[in-house]
Every structure is written in C-alpha cells, then in structure tokens.
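**Student:** To start, I am sharing the structure in question, which I have written as structure tokens.
The values are calculated or read from the model by the stated rules, or taken from the named source; none is laboratory data. Remember, predicted model here, so these are calculated numbers, not experimental data. Cβ sites come from the backbone with ideal geometry, for glycine too, and all protein chains shown count toward neighbours. With ligands, DNA and RNA removed, areas are computed over all heavy atoms of the protein, side chains included. Shrake-Rupley method; radii C 1.70, N 1.55, O 1.52, S 1.80 Å.
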Amino acid sequence: MAEAKSKRFTNMVSQMRHGTIIFAVGVALNLVGYYFTQSFRAPFALSTIGTVLSTALGGYFPGVLAGFVTNLVRSVHDYNILSYGFLDMLVALISNLLIKKGFFEKFYKALLTIPVLVFITGVIRYAVSLIIGMKEDGFVVTVLWELVDKSIVAIVVFIALKVLPPEAYINEKTAEYNYVNKGKSRVLSIRGKILIMLSLVCVLIATAITSISYMQYRDEVIQDHIRLGRGAIQLIREKLDPDRVDDFIEHGYMAVGYYSVENYLYDLRDNLPDAEYIYIYKMKHTGILVVFDIDTDEVEADEPGDFIEYEPVMKKYKNDFLAGREIEPTISNDRYGFLLSVYEPIFDRKGNVACYACVDFSMDVLNRYIIEFIIRIVTMFIGFVLLIFAMFIKLMDMNIVSPINAMSYCANSFAYNSEKDRHRNIERIRDLNIRTGDEVENLYNAFRKTVEDSMYFVENLRRAKNQVMTMAEQVTQISVTAYTDSLTGVKNKAAYQKMRQQLEYEIDEGTAKFAIVMVDLNRLKYVNDTYGHEKGDFYIKGSCKMICDLFKHSPVYRFGGDEFVVVLTGDSYDVRGELLEMARNAFLKSGTREGSDPWKRFSAAVGMSEYTGAQNERVDDVFKRADENMYAYKVKMKSNRTE
C-alpha cells in the first residue's frame, strides 16, 4: 500500500513537472513567433503555435494557460491585447476537441482545422474589435492574413507531433485513473485543492485587473495634470503683458510690474496641486533667455535675462518653440527630477510668440497617487476573495454532494452580459430551494444573498458613481459662481470678504500696504427709468469694463447695483495717485462725450483711501474713508456740472 501510494505521488509530481515544461515551451514559442514576425513587420503574428502545441501535448489546461500568459506578456506593450485574451483560450479549447477527434493524425485532416481556427482569430476577433472600437484592417484582409497565419500554425504543429517522441505527451488516462482511485491515500484534500486553484485564479485575475487599472488610471492622472498645467498657463496669459517681455528680460527686477508677476507665479505654484516648477522662457536659436524662474527649496532659480542652453528634452522641440507651435507635454527624468512638463506659447498683440510659459509636475508625486489607487483596488479585491474562500470552505466541510453540485451547476451557468442575465442568475439560485435544515441550508441562503447583494451592489454602485460625478460637476460650478457677479463677470461682495480677511491678516502681521478705491456710477437710475433696464445693464457692464481697463492689475468687485470696489496692492499701490486721477479723468471724459447715446456715456464718482498704519486702523476704516472721499467727489461733480 505504501509503495502504491508513493508511486502515485511520484507520478503526479512528474505530470505536474511535465505540464509546467509544456506550458513554458508553449509560451516561449508564442512569444518567439510573435516577435519574429513583428521584427519583419509581417501583417500576422504566429502567436498561437505554442498554444495549439501545448494543447496537443498536455491537454486544454496547459494550452489555455499558455495563451493567457502570452497575452499578459504582450499587454506590457499594448494593454488592449487583453481584450482578445479569451480568443487564445478558445483556440486551446477548440484545438483540444479537434485533437481528440484525430484531426492531427493525418495531414489533410490537419488542414481542415485551419478554417475553424481562422473563424476564431479572424472573424470573431474582427467582431470584437468593432465592439470595443479598436482599429483593424478590412474584414477580408484580416481573414486572409489569418488564413496564412493558421496555415503555418497547423503545418508546424502537425510536423512537431510527428517528430516528438511519445514521452513528450502527458498520458491523460493515467492521470484520470490516479484521480479516481486515490481513496484514503489522498495527498491533498479537496478543500486544499480548491483553495489552491482559487488562489491561482484570483492572483491571475487580480494581476490582470491591477495592470489594466494601473495603465488607465496613470493615463487619466497625467491627462488631469496636463489640463491643470494648461489652465495655470491660461491664468499666466491673463496676468502677463507679452509686450513687456523684452523689458522684463533687459531690466529684470527693476522693471515696473516684474515683482507683481513674479509674486503671482509664486502664488500660482503654491496653489497648483503637485506643481514643481513654473518658469517663463523666451526661445532663441542659440539658447534660452530667462524671463521668470521661480525658486524652489531644492533648485535655485535662474535670474531674469540669464542665457541658458536648451535642455535635452526641450532641444528636440527647438524648431517648434521658435515657430510658436503647440508643444506636446513631455515626461522626462533628468537633473531636475522625474517631471511631467506642459509648455504653452504666449503671443503678443501682433500675433508673434513672445515667450513660453512652462509648468512642471513631479511624476514621483503622481506615481504615489497611482500606487495608492492600486492598493485600494487590491484591498477591496482581497476582501471579496476572502468571502468566496469562506463560502467554499463551508461547502467542503459539509461534504453533501447534491446541494454542492446543484449550486456549482447554477454558478457555472451564470451569465453576466446584461442586467437580464444577472436577474436570471438570481432566479436560478432561488429555484434550487434547498431545504436541508442544517448548515448547508444556511450556506445556500448565504450564497443566494451574496449573489443578490452583488447584483444590487453593482447596480447601486453604477448609480452612485453617476450621482457622484453629477454632484462633483455641480460643486465645481457653485465654487466658480459663488464669488462671481452674474451680470459683469467680475468678483462679487462675497469675494471681497475673502480679500478683506487676507488684508486683515496682513495688518495683524504688520505687512499691510494697500488702498481701496470706491466707484459709484452716475445716472444709472436715469438710464433705467428712461431707456429701460436692458440699457441700464449695458451701462453697468460698460462702466465695469472701463474700471477693469483702468485698474487692469488689481481685483475689481461689484458691491451692488451701481457700486464697485478696487483693491490696490503691489505696483498698483505705488502709482495709486496716478491711477485715481486717470480714472476720474476717464469717466469725466466719457460722461461728457457728445454725440453718444446716454447709456454709452459712462460717468462715475471715484474716491480712494489708503491704509496708513495708524493704531487700531482696520480694513473697514479704510473702506469707510474711501466711501466718504467718493461721495465728496460726487458732490463736487454736481456743483461743477453745467446744464
């Protein structure tokens, strides 16, 4: 008895080793055939020779496994190949059936397998490619090249089977005999076998799902940051006057407005998620002139006007830079780190490229996001797998064949292609109606509930996902509109309150340096009452545009129907007197312009007050003085008005 047991164990180990070798050879042949044909740019792949040969030598399992692994390896270069993975497995299953029918015993019979295999890898593949939106050659061309491919496969496999000795085959009858007659001398329990098989299947599924999720999520993360970079550059376009680029290069920090733009870039980088570097360059044939370069903790920025050489990643786009063309975002790993770089041209008023604004994101940070995402997927998958393991262990402990076979039959016949199929799955489980009165019944009820909950969970998850996406869009829209005046498009009173908090903080820190300008429109009520509110809205928007043009480097807020507030800081604060006088003269000239419609003669009283740093002085004090100065100027305007 001991000798028989040892013999059976040795035979099983030998068959496992033999099957592993057959599988490995099959994968190697598939990959060699594929890369060989691709090196010559052949329109066919020869990637199923190993699959069919493994099936002929070891049965359907080595063939299916060889096809799966081959597609997994090829998916490293193109993950879309995984969409066709089931076709190679189907090739193994059909080949196993044809081999058992003796189709590879005679040459002419081997040729009869060609149209069957072409139907799988040609017709079905073409249909799948249409469904998933993959580009393929025409149907006739695809089928003809698959006919060449499978002809070579059939001939090579037929010759190999004639040349290889009988020892190369696995004796399926012996393997089946050992399985049936093991009895009490079993080496591994049924529970152990199922757990091992489930572990392997789950690992393979998890690997495939994780690989696909990684590649898709990585692409999405990169595209999101590209959009962020382009949005940031658009903000830079609005802040930077391109006609002053040469002045900034020549005079650097001494140029008027340079610090304002530089501070804006610092704020932009600090508020832009994952941004590593922000810089503005003017491209020349011989190198690059630095306009702005923002310091980081690790890298000291170049000074304005510095002349630097093209980095390798930028050098290959030199002609595009000089021509002012759009540059595709790049990923590079050089002395500045592993970076995703977004470049956008900035044009002057004549349409010539003045400079390029560039934003670099750290790919190390982005990769951390991806790793966190993959870990979340794996942990969720492990939880689901553990539930399945517990269910199968319970089933094996009960050792009641009929209920287990009934549930297994239902589970194996499940379909998941549509919602109707999933409901039919639930009905099949319910129709079993297992009533054993013991733990098997509990297991049946748990299994049924799991299937029902899984179906409902999938549907609820889909609905929840749609709701979350809708809510995210709404929140984004609310955050934009909450601080924007709907008529003029400038900031509103709520936005001013945020600015007020910032100014209060600067006062507390002892760094405050600002002025507040109050603008009150004249004759708005007259225009509304005489010409209607449509003309009144035109009057408000026109006046607002004048204010924005006059104070183009400062934020403008609309407080009410006819009141606007401007906060002057930085360079604008330094020239506040000139700006105030310019605004008053501009509105005085516009309001007295002859020959224009009344709603186009924009008139307003403008007053200003600055923060003096007096004890206990707050923002509201400055605001109040500006309001008083504005009304004093309004009274003066009325006294000087001529009929």
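**Student:** Test Y531 against the criterion of being touching a residue at least 12 places away in the same chain (Cβ under 8 Å) and farther than 21 Å from R584 by Cα, and give yes or no.
**Tutor:** The answer is yes for Y531.
**Student:** Okay, moving on. Pairs, please: C-beta under 6 Å, at least 6 apart or cross-chain, first residue surrounded by 13 or more Cβ atoms within 10 Å (Cβ to Cβ) and in segment 350-370, second part of a helix (DSSP H, G or I) and charged (D, E, K, R)?
**Tutor:** Hits for this filter: I370/R218.
**Student:** Shifting gears a bit: Looking at this structure, is V575 touching an Asp or Glu at 6+ places or on another chain (Cβ under 8 Å), over 29 Å from K535 (Cβ atoms) and either open to solvent by less than 80 Å² (accessible area, probe 1.4 Å) or of a type in the set (S, T, N, Q) (or both)? Break it down stepwise before answering.
**Tutor:** On the way: touching an Asp or Glu at 6+ places or on another chain (Cβ under 8 Å): no; over 29 Å from K535 (Cβ atoms): yes; either open to solvent by less than 80 Å² (accessible area, probe 1.4 Å) or of a type in the set (S, T, N, Q) (or both): yes.
Against the criterion (touching an Asp or Glu at 6+ places or on another chain (Cβ under 8 Å), over 29 Å from K535 (Cβ atoms) and either open to solvent by less than 80 Å² (accessible area, probe 1.4 Å) or of a type in the set (S, T, N, Q) (or both)), V575 does not qualify.
**Student:** Only one of these is within 17 Å of the chain's Cα centre (by Cα) and either of a type in the set (S, T, Y) or at pLDDT 85 or above (or both): P329, P345. Name it. Give the derivation first.
**Tutor:** Numbers: P345 fails: within 17 Å of the chain's Cα centre (by Cα).
So the residue among P329, P345 that is within 17 Å of the chain's Cα centre (by Cα) and either of a type in the set (S, T, Y) or at pLDDT 85 or above (or both) is P329.
**Student:** What are the pairs, 6+ residues apart or on separate chains, where a residue within segment 491-516 that is open to solvent by 90 Å² or more (accessible area, probe 1.4 Å) has its Cβ under 6 Å from a residue that is part of a strand (DSSP E or B) and not β-branched (V, I, T)?
**Tutor:** Note: pairs meeting the criteria are K491/Y557.
**Student:** Within segment 591-605, which residues are more than 50 Å from the chain's Cα centre (by Cα) and farther than 18 Å from E563 by Cβ?
**Tutor:** Those that are more than 50 Å from the chain's Cα centre (by Cα) and farther than 18 Å from E563 by Cβ: T592, R593, E594, G595, S596, D597, P598, R601.
**Student:** Give me the residue from segment 262-294 that is open to solvent by 60 Å² or more (accessible area, probe 1.4 Å) and among the charged types (D, E, K, R) and, out of that set, nearest to the chain's Cα centre (by Cα).
**Tutor:** If we take residues in segment 262-294 being open to solvent by 60 Å² or more (accessible area, probe 1.4 Å) and among the charged types (D, E, K, R), then D270 is nearest to the chain's Cα centre (by Cα).
**Student:** Being surrounded by 15 or more Cβ atoms within 10 Å (Cβ to Cβ), closer than 18 Å to G229 by Cβ and among the hydroxyl-bearing types (S, T, Y) is true for just one of Y336, Y310. Which residue is that?
**Tutor:** Residue meeting the stated conditions: Y336.
**Student:** Can you tell me which of (1) hydrophobic (A, V, I, L, M, F, W, C); (2) within 30 Å of D267 (Cα to Cα); (3) in a loop (DSSP other than H, G, I, E, B) is the one M546 doesn't meet?
**Tutor:** For M546, the failing item is (3).
**Student:** Also: Give me the pairs, please: first residue somewhere in segment 141-164 and open to solvent by 60 Å² or more (accessible area, probe 1.4 Å), second residue anywhere and of a type outside the set (A, V, I, L, M, F, W, C), beta-carbon distance under 6 Å, and either six or more positions apart or on two chains.
**Tutor:** That search, which allows pairs on different chains as well, returns W145/P43.
**Student:** Moving to a separate point now. Quick check, is I327 among the hydrophobic types (A, V, I, L, M, F, W, C), out of contact with any Leu (no Cβ under 8 Å at 6 or more places or on another chain) and either surrounded by fewer than 17 Cβ atoms within 10 Å (Cβ to Cβ) or in a loop (DSSP other than H, G, I, E, B) (or both)?
**Tutor:** Considered against the rule, which asks whether it is among the hydrophobic types (A, V, I, L, M, F, W, C), out of contact with any Leu (no Cβ under 8 Å at 6 or more places or on another chain) and either surrounded by fewer than 17 Cβ atoms within 10 Å (Cβ to Cβ) or in a loop (DSSP other than H, G, I, E, B) (or both), I327 comes out as yes.
**Student:** Right, something else. Would you tally the residues in segment 295-304 being open to solvent by 30 Å² or more (accessible area, probe 1.4 Å) and touching a residue at least 40 places away in the same chain (Cβ under 8 Å)?
**Tutor:** The total comes to 1.
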